[in-house]
Amino acid sequence: MDDKRTEEKGVVLSEAQKRARRSRSIAIAIALAALVVLFYAITLVKGPGVLNRPL
Amino acid sequence: MSLVSEGADLRGPVFTGRDAAYAEPSLAGVGDYLALMKPRVMSLVVFTALTGLAVAPAHLHPVMAFTALLCIAVGAGAAGALNMWYDADIDARMVRTARRPVPMGRVQPGEALAFGLTLAGFSVATLGLMVSWAAAALLAFTIFFYAVVYTAWLKRATPQNIVIGGAAGAFPPMIGWAAATGSLSLEPVLLFLIIFFWTPPHFWALALYRTDDYARAGIPMLPVVAGDGATRLQVLLYTVILVPLGVAPWGFGFAGLLYGATAAISGAVMLLLAWQVYNERRPADRASRNLFAFSILYLFLLFAVLLVERGWGGALLGWAAT
């Protein structure tokens, strides 16, 4: 019975693990937002030929 | 501090990443992932790449220049993460590297590998799609060279590891130049050669007073394999080659008098320090420490003066004159 309950609960994170996961998630969100801004700025700079580049 | 010599001065208990429980949810924080990217190496890579980019005879929009430098920095970080993934076992045995995230067990080896591969893919693809495929190809080759040729092969196989592997740290100015021009020429090759021949005296000066650390880790560094005297001779010989190369950009008309004078004076100091290293014997290590410290300043001076004289500083002076 106890084993079954443990299985149903799955992996239970400690507080430290939750904090680490949250900090990683925030960092990924910031990195993605920064990439959106960067690609937007590049598109403004290069215009319609954004993917035209020298070999 | 080169791409092959970076590492904090670290102390503390040593764990091997291989011993950690793989199923345990990660405790790795953002700082651990940043440490995987070797930020001090990244700063040197960005600086030399910026010089290559700024002195190139082509105008690159600031946004594109920033994108190129960001990709080069992230690519260098990817190479660092792959290095820490592969070298976790020997990092754990060296005082200098024992507190890195993987040997400490804060980042699992698989996490470091995935992080490195992801960054490598994104940095190369972004540089290629947004700036230049020539620069992206060079960046991809640099990551491959550092992670596979140096880390996985040369480092554990030959005392010439840092000589050949040092090429990885010498590529960034060429990548910067290629990002601006889409091609290569003599000037970026000269910058490559300066860093390439700077790496052995810089790194062997460190290895001379860290010999026991390398011996304990089983890494065939030159002082471990060939001995103290042979290494000191090699340091002197490479410095003798390096100093004229440092002045060469001025000799070829690629740099001005300020650069030439800086390269000549700082090169003379490098030669003097290398001569002192040659005449020193263990356990004395003062000359080795002096050369290691000054070599960082030497490389910084050369590239900083070139950046000011030929790069954006020169452009500003030109604008002021008109």
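Between residue B:152 and residue B:185, the C-beta separation translates, for a Förster distance of 30 Å, into a calculated FRET efficiency of about 0.40. Think of the protein assembly as shown as a dipole: +1 on every Lys or Arg Cβ, -1 on every Asp or Glu Cβ, centred on the Cα centre; then among B:227, A:17, B:217, A:17 lies furthest on the positive end.
Normalised by the number of residues in chain B, the mean separation of alpha-carbon contacts (under 8 Å, six or more apart) gives a relative contact order of 20 percent.
Per-residue shielding of B:174-187, expressed as the average number of other chain Cβ atoms within 10 Å of the residue Cβ, stands at 1. Name the most mobile residue of B:167, B:134, B:284, meaning the one with the largest mean-square fluctuation, in a Gaussian network model of chain B with Cα contacts below 10 Å. Answer for the Gaussian network model of chain B: B:284. Charge dipole of the protein assembly as shown (Cα centre as origin; +1 on each Lys and Arg Cβ, -1 on each Asp and Glu Cβ, all else neutral): 300 debye, rounded to the nearest 20. Per residue of chain B, the DSSP helices (runs of n ≥ 4 H) give a summed -39500 (n - 2.57) that works out to -22500 deg cm²/dmol at 222 nm. The residue among B:104, B:63, B:276 whose Cα reaches farthest toward the positive pole of the charge dipole of the protein assembly as shown, with charges on the beta-carbon of Lys, Arg, Asp and Glu, is B:104. Annotation for residue B:258 and residue B:160: the two label points, set 7 Å from Cα along the Cα-Cβ direction, are 4.0 nm apart.
In chain B, if the dipole is taken from +1 on Lys/Arg beta carbons and -1 on Asp/Glu beta carbons about the Cα centre, which of B:178, B:116, B:135 is farthest to the positive end? The listed residue farthest towards the positive side: B:116. Comparing mean-square fluctuations of B:35, B:136, B:263 from a GNM of chain B with C-alpha springs under 10 Å, the top value falls on B:35. Over chain B, with a Gaussian network built from C-alpha contacts below 10 Å, which listed residue (B:31, B:267, B:169) shows the highest mean-square fluctuation? Taking springs between Cα atoms under 10 Å, the residue moving most is B:31. Placing unit charges on the Cβ atoms only, positive for Lys and Arg and negative for Asp and Glu, gives region B:62-204 a dipole magnitude near 360 debye about its Cα centre.
Where a number appears in this text, it was derived from the coordinates with a stated rule and is not lab data. Note that the structure is predicted; figures quoted are calculated from it, not measured. Heads up, the Cβs are rebuilt from the backbone with ideal geometry, glycines too, and the neighbour counts pull from every protein chain shown.
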